[in-house]
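The values are calculated or read from the model by the stated rules, or taken from the named source; none is laboratory data. Everything numeric here is computed off the predicted structure, so don't read it as measured data. Side chains included, ligands, DNA and RNA excluded: accessible areas come from the protein's heavy atoms. Shrake-Rupley method; radii C 1.70, N 1.55, O 1.52, S 1.80 Å.
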Amino acid sequence: NAVEHASVLCRAGLIQIEHLPERLRALAGDLSSGPPEGWPDGGEARTLEEIEARAILEALKRHGGKKLAVARELGINKTTLWRKLKRLGIDPGAAS
């Protein structure tokens, strides 16, 4: 949803942080001091799936594994979060 939102707002062809929803811009600000532990350093390319998995893992850590709080923070339905956890092979208990 965020990428679709950004693509609608972006006219230049390259999506920038200012095209993202506010909640993601705030998260990007949190990451400005460097990537979270376990992320590749520097400008290594990451897949969207890797970025999504890291965002979910970091949110799970912040919320002590509480999936409803994670879903709210990420702006997704709890069943969408459940499907993403399953698809990405993330154990919510291990992230807390």
Calc'd 3J(HN,Hα), the stretch 46-58, phi into Karplus 6.51 cos²θ - 1.76 cosθ + 1.60 (θ = phi - 60°), Hz, glycine/Pro = x, comes to 10, 7, 4, 5, 5, 5, 4, 4, 5, 4, 5, 4, 4
Could you tell me the center-to-center distance, by alpha carbons, between the stretch 1-25 and the stretch 75-91 in angstrom? 22 Å
Can you give me the solvent accessible area of ARG87 with a 1.4 Å probe, rounded to the nearest 10 Å²? 130 Å²
Would you list ILE51, ILE17, ILE76, ILE90 from the most to the least accessible area, probe 1.4 Å? ILE17, ILE51, ILE76, ILE90
